[in-house]
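Single-structure report; data block below.
The values are calculated or read from the model by the stated rules, or taken from the named source; none is laboratory data. Just so we're clear, the structure is a prediction, and the values are computed from it rather than from any experiment. Neighbour counts run over all protein chains shown; Cβ positions are idealised from the backbone, glycine included.
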Amino acid sequence: MPHRNAPLTELGRLRLARCVVDDRWSLRRAADRFQVSPTTAARWAGRYRRHGADGMTDRSSRPYRSPARTARQTERKIVKIRVTKRLGPARIAARLGLNPATVHRVLTRYRLPRLAHLDRATGVRVRRYERDAPGDLIHVDVKKLGRIPDGGGHRTRGRSAGSRNKRATTGARKNCHPVIGYAYLHTAIDDHSRLAYTEILTDERKETATGFWTRALAYFTSCGITVARVLTDNGSCYKSRLWADTLTHAGIAHKRTRPYRPQTNGKVERFHRTLAEEWAYARPYRSEAERQGAFAPWLHFYNHHRGHTALGGLPPATRVTNLTGQNT
């Protein structure tokens with residue numbers, strides 16, 4: 001594809017060359033007519049004489065020789081370490097005494113996939129999937145966050161205060177630090193649209209998880225989403241009879257991930273990482289109440305306004321036609 005400021009397209013080059021070769025125009029006359037230099041006119045006329053119309057296309061700018069290119073033996077070592085050890089450019093460069101940029105160029109030249117696209121244990125490409133419609137699969141999981149004591153944690157009061165909070169117990173013993181404990185974020189996220197529903201609860205018992213799912217199902221239903229199946233890990237609350245009966249009563253199939261394979265439930269795991277980066281630890285909160293008060297606005301922003309790379313830069317709301325408040 002020609003540069004946008006190039007005076008000649010492939011058709012323009014052909015017309016110039018035909019004026020010089022077929023119509024016997026002088027190089028200067030053709031150059032003035034097509035607003036290029038006589039040298040450029042001579043180049044395209046010469047290509048037309050040798051190759052005809054096929055010679056008007058752009059050629060590769062790659063040089064015939066690259067004396068400074070990394071030796072083939074070194075390239076093989078880089079590729080071998082990447083395939084067998086699954087290390088990044090910086091660590092490979094440290095082993096071989098190379099510049100990380102050189103290692104990165106070699107890995108790109110051999111079209112090796114990024115480490116993020118591989119399963120670290122097996123080296124096999126992660127098979128990514130997406131359900132065809134909202135509700136075909138809902139990912140459910142729980143994330144545990146340490147609560148912020150009144151006055152703030154170590155991010156606002158320093159490491160010494162953080163150390164005291166870390167030693168706080170969950171019991172109510174005499175002369176111990178105030179109870180801090182954990183907040184449990186129960187999340188349900190739609191596989192197709194990435195629409196998320198999250199509640200901050202006090203535990204992850206079966207009654208709590210089941211109550212959360214009942215409210216999450218009502219939310220998805222209000223958005224016009226009919227839930228067909230739910231995917232969870234093998235947590236005790238999801239293996240309970242109460243959880244199974246709740247899903248069965250609603251006509252929803254339950255699937256569980258393979259043990260020690262959190263990648264299967266990767267969409268909700270990735271959502272929790274985004275949640276931690278952009279809300280939970282985005283700024284130094286001075287209390288748990290302050291952090292929890294900022295959660296509802298952030299979740300609305302995530303669902304309605306935040307661009308998602310897997311959705312082509314669009315927010316999840318764009319894939320759910322009946323979602324209220326989409327443009328607020």
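Given the criteria at pLDDT 95 or above and of a type in the set (Ser, Thr, Tyr), does TYR219 qualify? Criteria met by TYR219. With respect to the conditions (1) modelled with pLDDT of 95 or more; (2) within 30 Å of GLN292 (Cα to Cα), ILE78 lacks only one, and its number is (2). When ALA244, ALA253 are checked against the criterion of being small (Gly, Ala, Ser) and in contact (Cβ under 8 Å) with a residue 24 or more places away in the chain, a single residue qualifies: ALA253. When LEU96 is tested against (1) under 33 Å from the mean Cα position of the chain (by Cα); (2) within 17 Å of THR108 (Cα to Cα), only condition (2) is not met. The one condition from (1) closer than 30 Å to ARG120 by Cβ; (2) in contact (Cβ under 8 Å) with a residue 12 or more places away in the chain that VAL36 does not meet is (1). Being over 21 Å from ALA294 (Cβ atoms) and either at pLDDT below 70 or surrounded by fewer than 16 Cβ atoms within 10 Å (Cβ to Cβ) (or both) is a description that applies to VAL179. Summed over the stretch 197-230, residues that are among the aliphatic types (A, V, I, L, M), crowded, with 22+ Cβ neighbours inside 10 Å and part of a strand (DSSP E or B) total 1.
Among the residues of the stretch 188-234, those that are polar (S, T, N, Q) and either without any contact (Cβ under 8 Å) to a residue 60 or more places away in the chain or out of contact with any Ser or Thr (no Cβ under 9 Å at 6 or more places or on another chain) (or both) comprise THR202, THR208, THR210, THR214, THR221, THR226, ASN234.
So that you can scan it fast, the table gives a plain yes or no per residue for (1) under 30 Å from ALA116 (Cα atoms); (2) touching a residue at least 12 places away in the same chain (Cβ under 8 Å); (3) part of a helix (DSSP H, G or I):
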residue: ARG13; (1), (2), (3): no, yes, yes
residue: ARG29; (1), (2), (3): no, no, yes
residue: ARG47; (1), (2), (3): no, yes, yes
residue: ARG50; (1), (2), (3): no, no, yes
residue: ASP54; (1), (2), (3): no, no, yes
residue: ASP58; (1), (2), (3): no, yes, no
residue: SER61; (1), (2), (3): no, no, no
residue: ARG65; (1), (2), (3): no, no, no
residue: GLN73; (1), (2), (3): yes, no, yes
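If you go through the stretch 91-140 and keep only what is in a strand (DSSP E or B) and either touching a Leu at 6+ places or on another chain (Cβ under 9 Å) or over 27 Å from ARG273 (Cα atoms) (or both), you end up with ARG125, ILE138, HIS139, VAL140.
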